[in-house]
Amino acid sequence: MIIKELFSNLAILISTLFLYTSLTSSSPLHRPSLWMRKVSAGMLAGILSNVLMLYSMHFDETIVDLRHIPLILVAYYGGSLPAVIAMVLITLGRFSIGLNSSSLLALVLIVFITVTTLLITKWRIHKQWKVFFILTASNIIFTVLICYLLPTNNTLFVLLPSFWTISYIAGFVSFFVVEYVRRNQKLLDRFKAEASTDGLTGLHNVRKFDQAFNEASSQAKQNKEMLSLLFIDIDHFKNVNDTYGHKEGDQVLIQLSDILRNTVRSFDIVSRNGGEEFTVILLDCSTERGVQISERIREKVEAHAFLLSSGDFIRVTVSIGLACYHETTKTPPVLLKDADDALYEAKKTGRNKVCVAQ
């Protein structure tokens, strides 16, 4: 019966913890977290501990459960504020069950665990050793108190080994669940970023460009705004790769990306669509304004000395094609073709220039 109740606590603890960690994986609890995050985490830990007390083992006035594990978790990850909040809620919950010597000693246990966890987390040792020492200290004080409360109870020979074993299991599994969910969320975030970001320049990739262009087109049609699109190509970029190598060509692409980012408006959308081809979506932008931005880009690129890994500097230029919805182009989908045609015209008629779709 003792082991059954402890395993019930363990099942409730792990399932609840997994759900909570999954729901908050985008903004997990840390020491630098905002105080509101810490307050909510402390309250949730206190509530979970009170739920665990509802499924505790009863020995006269003494109850045994795993209420200390949520407290250890929030103290470890969030620091003193959520730990104190959880500690207060656990104490209030225990006193609501009964105010007696057992509940007073339970208060001693919870305070001891809180202080011990906060102190051990500051030790410069591996995380697994910190968890081990925290759980061991908790188990030792529990053993001392339970032996005082049940000095002649034969169930101690079963209770104590069972509690120590399941306490260790619950503690390590709880930390494993938290770290596992957080690690998976980081991987998911990275995969999402890689799916929409060009790995070399950090700009949007062609997939993200398609999505952003469709959204911008819908917005322009709905709000009856103008929408300009720039197609940008580095002139004779193949010569750069052939002469200096692809590694140095990458340096040119990176620096050009910085120029584009710093030249367009903060809300415009810059993408690398592949190779030396770039695009800029100019939101709510007329042809005249688009030409001004395009010329500013062209002039900055022409004036910039591109630094190579070898320490040498080279010069490159760009050709730019511009199309504008409402002024040069009747429908947003045709912007892609018109801007590409304008870029071809710029390259065909001398390069290092801006051409507007006719």
Matching residues in segment 344-358 (part of a strand (DSSP E or B) and free of Cβ contacts under 8 Å to residues at least 60 places away in the same chain) number 1
Residue set VAL158, VAL177; condition part of a helix (DSSP H, G or I), open to solvent by less than 60 Å² (accessible area, probe 1.4 Å), within 22 Å of PHE7 (Cα to Cα) and in contact with a helix residue (DSSP H, G or I) (Cβ under 8 Å, 6 or more places away or on another chain); output residue VAL177
Counting only residues that are closer than 26 Å to LEU149 by Cβ and open to solvent by less than 80 Å² (accessible area, probe 1.4 Å), segment 119-131 contains a total of 1
Condition set charged (D, E, K, R) and part of a helix (DSSP H, G or I), scope segment 253-279, selection most open to solvent (accessible area, probe 1.4 Å): answer is ARG261
Residue match in segment 1-20 (condition: closer than 30 Å to SER162 by Cβ and touching a Lys or Arg at 6+ places or on another chain (Cβ under 8 Å)): no
Do the conditions hold for GLU225, that is, is it open to solvent by less than 60 Å² (accessible area, probe 1.4 Å) and not in a loop (DSSP other than H, G, I, E, B)? no
In segment 16-36, anything open to solvent by 70 Å² or more (accessible area, probe 1.4 Å), in a helix (DSSP H, G or I) and modelled with pLDDT of 90 or more is listed as TRP35, MET36
Within segment 62-106, the residues that are touching a residue at least 60 places away in the same chain (Cβ under 8 Å), part of a loop (DSSP other than H, G, I, E, B) and farther than 26 Å from HIS30 by Cα are ASP65
Quick check: anything in segment 280-293 closer than 21 Å to ASN241 by Cβ, open to solvent by less than 20 Å² (accessible area, probe 1.4 Å), out of contact with any Asp or Glu (no Cβ under 7 Å at 6 or more places or on another chain) and not hydroxyl-bearing (Ser, Thr, Tyr)? no
Taking first residues from segment 44-58 that are of a type in the set (Ser, Thr, Tyr) and second residues anywhere that are at pLDDT 90 or above, the pairs with Cβ under 6 Å that are 6 or more apart or on different chains are SER49/ARG67; SER49/PRO70; SER49/ILE90
_Can you say whether SER257 is in contact with a Gly (Cβ under 8 Å, 6 or more places away or on another chain) and at pLDDT 95 or above, as far as the supplied structure shows?_
yes
>> Yes or no: segment 159-176 includes at least one residue that is modelled with pLDDT of 95 or more and polar (S, T, N, Q).
In response: no
Residues of segment 112-137 being in contact with a helix residue (DSSP H, G or I) (Cβ under 7 Å, 6 or more places away or on another chain), assigned to a helix (DSSP H, G or I) and either modelled with pLDDT under 95 or not hydroxyl-bearing (Ser, Thr, Tyr) (or both), in sequence order, are PHE112, ILE113, LEU118, ILE120, LYS130, VAL131, PHE133, ILE134, LEU135, ALA137
Kindly evaluate THR155 against the criterion of being under 15 Å from ILE63 (Cα atoms), modelled with pLDDT under 90 and either among the β-branched types (Val, Ile, Thr) or in contact with a Pro (Cβ under 7 Å, 6 or more places away or on another chain) (or both). yes
Result of the Cβ filter at 6 Å on segment 211-237, keeping first residues that are within 12 Å of GLY321 (Cα to Cα) and partners that are open to solvent by 70 Å² or more (accessible area, probe 1.4 Å), at least 6 apart or interchain, is PHE231/ASP340; ASP233/GLU277
Here the residues within segment 310-341 that are open to solvent by 70 Å² or more (accessible area, probe 1.4 Å), in a loop (DSSP other than H, G, I, E, B) and either closer than 20 Å to ASP235 by Cα or touching a residue at least 12 places away in the same chain (Cβ under 8 Å) (or both) are SER310, ASP312, ARG315, HIS326, GLU327, PRO333
- Task: Please indicate, with yes or no, whether at least one residue in segment 83-99 is surrounded by 16 or more Cβ atoms within 10 Å (Cβ to Cβ), over 25 Å from ILE146 (Cβ atoms) and under 35 Å from the mean Cα position of the chain (by Cα).
- Result: yes
Being among the small types (Gly, Ala, Ser) and within 29 Å of MET36 (Cα to Cα) is the requirement here; does SER96 meet it? yes
ASP250 passes all but one of the listed conditions (1) outside any loop (DSSP other than H, G, I, E, B); (2) among the charged types (D, E, K, R); (3) out of contact with any Leu (no Cβ under 8 Å at 6 or more places or on another chain); the exception is number (3)
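The values are calculated or read from the model by the stated rules, or taken from the named source; none is laboratory data. The structure presented is a predicted model; accordingly, all values stated were derived computationally and were not measured. For neighbour counting, all protein chains shown are included, and Cβ atoms are generated from backbone atoms with ideal geometry for every residue, glycine included. Calculation scope for accessible area: heavy atoms of the full protein, side chains included, ligands and nucleic acids excluded. Shrake-Rupley method; radii C 1.70, N 1.55, O 1.52, S 1.80 Å.
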